[in-house]
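Here's the structure, in structure tokens; my notes come after.
Please treat every number below as a calculation from the coordinates, not as lab data. These figures come from a predicted structure and were not determined experimentally. Note that each Cβ is placed from the backbone with ideal geometry, even for glycine, and that neighbours are counted across all protein chains shown.
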Amino acid sequence: MKEPFDEQLRDWDRSIVWHAFTQMAEYEPFLIERAHACTLVDIEGSEYLDGVSSMWCNVHGHRHPRLDAAVCEQLERVAHVTNLGASNPTTIKLARRLVELAPAGLEHVFFSDDGATAVEVAIKMALQYWRQRPDPRPAKTCYVALGEAYHGDTLGSVSVGGVERFHAMFEPLLFETIRVPVPDPYRTPPGLAPESCLEHYLGEMERVLAEHHERIAAVVIEPLVQGAAGMIVHPPGYLRGVRELTRKYDVLLIADEVAVAFGRTGRMFACEHEGVSPDLLCLAKGLTGGYLPLAATLATGEIYRAFLGDYAESKTFFHGHTYGGNPLGAAVALASLDVFEEEGTLDKLPPKIARLAEHLERISALPHVGHVRQCGLIAGVELVRDRATKEPYPWSEKRGLRLCEYAKTEGVWLRPLGNVVVIMPPLAVSIEELDRICGAVERGAAIALSEGE
Ligand SMILES: Cc1ncc(COP(=O)(O)O)c(C=O)c1O
């Protein structure tokens, strides 16, 4: 086949490829052909800083020599081995490494291929665990999830999700989930003092658990930060409080660290900040440094043992994905964990996190910035029509998108969540690159928000 021209590629991209979370009627192709470190390069050679880590997954930068080599070396052995009744050394080593690193008590690793599948697995494991444990509790079939939660787009993950715009359409297909309010310190109920926020939201969780615990299998939570909800940072102590309540009411805790693990919050796992060990831990995105689709659901020994028995008892976990535990993904995941050690990735974060905080403080003073929030190298800048009333801009005005379009003219690629501009560069970002990203956000805010006033 003859190599297509750039314009032809754009045409095909517009007319044939159906892009995720994208209105295809107005899609404008953005064709990245190559990348290096924190920079993306389009087919015309223009460069853009990767301000959102290629959808929150890149860690050490693109084309990291150590990670590239790991994929090549694995390719010389085997590209894929099934996980169904078979294994390979690379995937086994990764499982062992994850168990060593993860919060205490998580002793077993079930591999799948994406964030949504990691959560799907955890949901099904929780239900089956309650049915098969020595003292079965078959009535536990319901889940508690947080308002505006996002856990991926497969139907189980959507059932425990709560982003109205994404999920409402699929309501007829979903199972019952009890929702507790999103613990958002910015948009609190009227009259609630900020210092009472933690107590209030934990109170709401306890009310639900006290009333329904007999039928609740698990609470599902994005620890510390609710990503797709708009990078909402929970009040400190909330995660620990939820862990204590789930123990008190004999309910499992599923921690979905798909977006926040692997250094994003400043620690390897977000749960570490509050000394929490969940019963099930979901990992994906940064697991492979952002290179390949691979996901893992880690489970405690107690959960794992409930699935053991004679073949005929059928206690097996009847769930699997063709590419779960793929050795290429496992190889690059192992290399990514090596790079964390060799380059001292976590030790290098504090000055970057501090610099981001300085920028955010300045940005927070802009007229239409209602709130800025940060956890590690995750930041959300919420644009509002009215700072005093917190009145949002109508979704249709695309203010976040307009700001990001401006940033592109400065060579910075960002993707917003409605009116929230997300700043989430690879952990390998330099201070100078952070300055450029935040500078583009600041100037973009002035330009995108003054139009149409
Ligand atoms: C917290 C969380 N869980 C799950 C997912 C789904 O991951 P994936 O897109 O890999 O299925 C995401 C994606 O953004 C996420 O942020």
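Values as computed for the structure displayed
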item	result
Dipole moment magnitude, nearest 20 debye, the range 56-164 about Cα centre, only Lys, Arg, Asp, Glu C-beta charged	420
Within the chain, helix-based [θ] at 222 nm, where runs of 4 or more DSSP H residues each add -39,500 (n - 2.57), nearest 500	-11000 deg cm²/dmol
Cα-based Lys proximity count in the chain, under 20 Å, for pairs eight or more positions apart or on separate chains	7
Footprinting exposure proxy for 18, 395, 56 (fewest neighbouring C-beta atoms within 10 Å first)	18, 395, 56
Neighbourhood charge, 13 Å Cβ-Cβ cut-off, centred on residue 263 and excluding it, Lys, Arg +1 and Asp, Glu -1	0
The range 131-199 and the range 47-66: distance between their alpha carbon centers, rounded to Å	31
Residues residue 435 and residue 18, FRET efficiency given R0 of 30 Å [Cβ-Cβ distance, rounded to 0.05]	0.25
Extended-chain gain in nm, criterion 0.36 nm per residue less alpha-carbon gap, residue 210 and residue 137	24.6 nm
Principal axes of the range 370-453: Cα extent on each, largest first, Å	36, 27, 17
Order of 304, 201 - criterion: other Cβ atoms within 10 Å of each residue's Cβ, fewest first	304, 201
Residue 412 long-range amide H proximity, modeled H, under 5 Å	49
Dipole magnitude (debye, nearest 20) for the range 1-123, charges at Cβ of Lys, Arg, Asp, Glu	700
Sites residue 450 and residue 315, calculated FRET efficiency, Cβ-Cβ separation with R0 51 Å, nearest 0.05	0.25
Length-normalised contact order of the range 1-109 in % [C-alpha pairs under 8 Å, at least 6 apart]	13
Ratio Rg/Rh, restricted to the chain and using Cα atoms, in which Rh is the Kirkwood radius	0.96
Packing-based ranking, highest mean first, of 9-16, 144-151, 129-136 given that Cβ atoms within 10 Å are counted	144-151, 129-136, 9-16
Highest-first arrangement of 68-74, 225-231, where packing means the average Cβ count within 10 Å	225-231, 68-74
Computed magnitude of the charge dipole of the range 213-280 (debye, nearest 20; Cβ of K, R +1, Cβ of D, E -1)	120
Distance between modelled label sites at residue 361 and residue 84, nm, 7 Å Cα→Cβ extension	5.7
Residue-span extension gain [residue 401 to residue 27] - 0.36 nm each, minus C-alpha spacing	133.4 nm
Extension gain (nm, one decimal) between residue 68 and residue 341, 0.36 nm per residue minus Cα-Cα	96.6 nm
Likely footprinting exposure, 396, 87, 46, 157, fewest C-beta neighbours within 10 Å first	396, 46, 87, 157
Packing rank of 170-183, 204-217, 437-450, where each peptide gets the mean count of other beta carbons within 10 Å, highest leading	437-450, 204-217, 170-183
The range 254-305: translational diffusion in µm²/s, Stokes-Einstein, Kirkwood Rh over Cα pairs, 20 °C, 1.002 mPa s	188
Solvent-free Debye scattering, log10 I(q)/I(0), computed from the Cα coordinates of the range 299-380 at q = 0.12 Å⁻¹	-0.73
